[in-house]
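Working notes, structure below.
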């Protein structure tokens, strides 16, 4: 990065900066833990001579323990794509207008989480509903280990609340599907794309975006025949840029598919373990009769619905990483109230 011509290739330079950030997310906490460990050892020797330092010793020991716990958790982000950026797709499912509204709430939730970590967010595709919310959306969330943290969010998210769209004030259950894939570099040789395997459809973009977007056929839809994967992008006015983004989305979905195949043998050993792939119900969010959010796989529970919707998701992510690494399949509690 200190070379004079470092920024001559902006795209390559940004990739290098991103790599450095990923490395520092591990090295800086490690250096801090090592420094605290050395200070703790010195403080222990002093405390043996001066009993008044026992309180300080206990405080530093607790701090050191938390730093080590955080490092152990970070070590669980060791998958082949965990350090990658993430592509998050959200689709409304059963529940009518409430489901469309719920899908948009989830979009805001993940955006809020990314904002708290100073990650960048790019909207790649969005299909607005005619009444409220969205039918679907795809965003790129870019930052150190974004995919590693978000990968466990793939599945069905269920919301129970008093519907704001029901004049009778009845309780409504809504579903939205989330799919998370790693963003793969164009030069990655792991994912091979052949032109003859892809069908490209061009269509007019819909929704907000200016007169040019809606008047020209700039939106791109790609269908990959061998896997059946379909992706689309309409975020840019340029058809060329939308095509390039759609190719990235396709690479990401294919990489995710290969990752799931590699995990299939391991997951098969735990016959009671529920499916964690696309199409499973992984978490319940309740606004009625009381406020709570509970993950069906890990049992992690938060009694503040709004806090979760505001992007405070780290507890769920940490619990998932530990559950995944444990290699066990805890009994999944049913929670249909």
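No lab work stands behind these numbers, since they all come straight from the coordinates. None of these values were measured; they are calculated from a predicted model. Here the Cβ is made from the backbone with ideal geometry for all residues, glycine too, and neighbour counts use every protein chain on show.
With respect to the chain, whose longest principal axis is taken over its alpha-carbon atoms, helix 314-326 is tilted by about 80°. The Cα-based radius of gyration and maximum Cα-Cα distance (Dmax) for the range 6-74 are 18.3, 60 Å. Per residue, the average separation of C-alpha pairs within less than 8 Å and at least 6 apart gives the range 6-74 a relative contact order of 33 percent. Compute the angle between helix 54-74 and the longest alpha-carbon principal axis of the chain, please, reported from 0 to 90 degrees and rounded to the nearest 10. Its long axis makes an angle of about 30 degrees. Helix 239-268 axis versus longest C-alpha principal axis of the chain: approximately 60°, rounded to the nearest ten.
If the chain linking residue 70 and residue 314 were pulled fully straight, counting 0.36 nm for each residue of separation and taking away their Cα-Cα distance, it would gain 86.7 nm.
Treating r as the C-beta distance of residue 227 and residue 93 and R0 as 30 Å, the FRET efficiency rounds to 0.90. Sorting 150-158, 69-77 by their mean Cβ neighbour count within 10 Å, with the most densely packed peptide first, gives 150-158, 69-77. Here r is the Cβ-Cβ distance between residue 238 and residue 20 and R0 is 35 Å; the resulting FRET efficiency, rounded to 0.05, is 0.70. Working from Cα pairs under 8 Å separated by at least six residues, relative contact order for the range 86-326 is 21 percent.
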